[in-house]
Every structure is written in structure tokens, then in C-alpha cells.
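The values are calculated or read from the model by the stated rules, or taken from the named source; none is laboratory data. Owing to the predicted nature of the structure, the values given are computational and were not obtained by experimental measurement. Don't worry about glycine lacking a Cβ; one is built from the backbone with ideal geometry, like all the others, and counts go over all protein chains shown. The protein model used for the area step is the full one, side chains on, heavy atoms only, and it has no ligands, DNA or RNA in it. Shrake-Rupley method; radii C 1.70, N 1.55, O 1.52, S 1.80 Å.
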Amino acid sequence: MIDTSPKRERLRINEIFHSLQGEANAVGFPTVFVRLTGCPLRCQYCDTEYAFHAGDWHDLDAILDEVRSFRSQHVCVTGGEPLAQPNTLTLLSRLCDEGFDVSLETSGALDIGGVDARVSRVVDVKTPGSQEAARNRVENFGLLTARDQLKFVICSREDYDWSTAYLQEHGLFGRCQILFSPSYTQVSPTSLAEWILADRLQVRFQLQLHKILWGDVPGK
């Protein structure tokens, strides 16, 4: 007999947890994080290697039920690399349909064009220090809007200089908010702040609030 029942929409989830948003525009807000399993990149500073392979399959309805249970307005879909799973696009739209303020954290290596326009996309630009700069998808830059953010994780002075040149080369100033963050334990936050001020660079300095509060603890 041929199975004609509708296929269930599901995603492989590493964890769903409630914490304070540590980065980007929603920093400080209580937020539900939906962390998906899997990532095609291997950035040398990655702090979520545990999400590369570990995770269980969940129906989208079950994911939404758990998100609702935390009674939080803000939801962040992250990874790993969320866009590596096609059903992430459906999850993002359904979260928006329910009235959540939704953000997506993505590596910038995959196409963001299918993401619901209501979602705030936080797109990494991989610096040479990440060891994944060749994976930057420049086609994404033309899709960015004022709702989106570009994030540069700075691993060294060389990364900083590369990033400022990259912004100029691709005409990214003014397209969306630009975030510069020091790589945890690799660059002094004070040094990065001073470089930005000395160059009058029109970017937003940010620290990872969750690491100030809890250190390098998974699920925080």
C-alpha cells in the first residue's frame, strides 16, 4: 500500500532554552533560543561545536508548543547553521505568524533569500581569523535591509583591518547595522573599542552578554 498521508514537517533540534539575548539588537531581552543541529562550517572560535551532530527530531508543532511555554516575546533561531535544514524557513514564518519577534543567526555561507521578511537576519561575515572567510556568500549582501545586521567576529588586529577594508569594498556601510565583536579570549575588548574610536568607524561594538554573565556555558 502506498502511504498517501502528508509528510510531517520536522527539524533536528539540539536544544531549546530560555535566556537573555547576548548579542545584536535584542541584547538583554529574555529570549527563547531554538538551536538547530548541524553546520557545514568549522570556524576555529566556534563555541557551539556540541551542536554539530547532537540533536533529536521534533515536529514543528512540538517546537512551537515548547517556545510558547516560556511566555517570551523574543525568539532566536540559531545553530549550528539553521539554514542547512530547509524546514527552518517554515519554522521562521510560523513563529512570525504567531506574533513573536524573531531573529535568525546565520553564518552567511548559505542563501538568506528565502527567509521571511519579518525576521531580523543576523548574518556573520567570516574574517580570515575564523578560517572560513572563503565561505562568505557575497550574494547575500544585496538582500540585506535595515532590519538586518552584519556581524564581524574580530580575532586580531589583522582581522580588524581586513574587516574595515571589506566593508568599503562591498559598500556595506549604511545598508544595515554593522556589529564588531571581539573573539572571546583572542582580542581584548578594550583594544577593539580603541581601534574603532581611533578610526571613527561607524560600527556598533558589542560584547557577548551571556559570556559576561555565565562564562562559556552551553545553553546560556
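Tabulated data for the structure shown
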{"item": "DSSP beta bridge pairing in the chain, given as percent antiparallel to the nearest 5", "result": "30 percent"}
{"item": "Surface per residue (accessible, 1.4 Å probe) for the chain, Å²", "result": "49 Å²"}
{"item": "FRET E, pair residue 147, residue 56, Förster distance 25 Å, beta-carbon r, rounded to 0.05", "result": "0.20"}
{"item": "Under the Karplus curve 6.51 cos²θ - 1.76 cosθ + 1.60, θ = phi - 60°, whole-Hz ³J(HN,Hα) for the stretch 132-137, x wherever Gly or Pro sits", "result": "9, 4, 5, 8, 4, 9"}
{"item": "Efficiency of FRET from Cβ geometry, residue 193 and residue 29, R₀ 30 Å, rounded to 0.05", "result": "0.80"}
{"item": "Virtual spin-label span in nm between residue 213 and residue 90, 7 Å along Cα→Cβ", "result": "3.3 nm"}
{"item": "Ranking by accessible area, most exposed first, for 210, 18, 58 with a 1.4 Å probe", "result": "18, 58, 210"}
{"item": "Carbon and sulfur %, accessible surface of the chain computed with the full protein complex present, 1.4 Å", "result": "51 percent"}
{"item": "Which of 139, 9 is most accessible, then next, and so on - probe 1.4 Å", "result": "139, 9"}
